[in-house]
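Comments concern the structure below.
The values are calculated or read from the model by the stated rules, or taken from the named source; none is laboratory data. As the structure is a prediction and not an experimental result, all values here were calculated from the model. Reconstructed Cβ throughout: ideal geometry from the backbone, glycine too, with neighbour counts over all protein chains shown.
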Ligand SMILES: [Zn+2]
């Protein structure tokens with residue numbers, strides 16, 4: 001999205017997995033016919049640990065598109 005080429009990933013501080021979610025509110029958007037993220041809260045959940053965790057911001061290199069093949 002930005003021109004710096006810098007991309008971030010959010011990973012679990014316990015196991016390092018990026019299979020993590022934040023507690024959030026999503027609002028229904030009538031025009032988009034989809035749920036739109038309104039706010040993301042601080043509480044995080046790791047699906048690999050299957051428990052609450054804290055997230056660590058890491059720089060991704062190479063870009064995510066290369067990882068999710
Ligand atoms: Zn984890």
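Taking first residues from segment 7-31 that are away from the ligand (no atom under 16 Å from the Cβ) and partners that are assigned to a loop (DSSP other than H, G, I, E, B) and at pLDDT below 95, the Cβ contacts under 7 Å between residues at least 6 apart in sequence or on separate chains come to 7/63.
Rundown of residues vs (1) farther than 19 Å from residue 12 by Cα; (2) modelled with pLDDT of 95 or more; (3) part of a strand (DSSP E or B); (4) within 13 Å of the chain's Cα centre (by Cα), yes/no style:
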position: 31; (1), (2), (3), (4): yes, yes, no, no
position: 37; (1), (2), (3), (4): yes, yes, yes, yes
position: 45; (1), (2), (3), (4): no, yes, yes, yes
position: 49; (1), (2), (3), (4): no, yes, no, no
position: 52; (1), (2), (3), (4): no, yes, yes, no
position: 56; (1), (2), (3), (4): no, yes, yes, yes
position: 65; (1), (2), (3), (4): yes, no, no, no
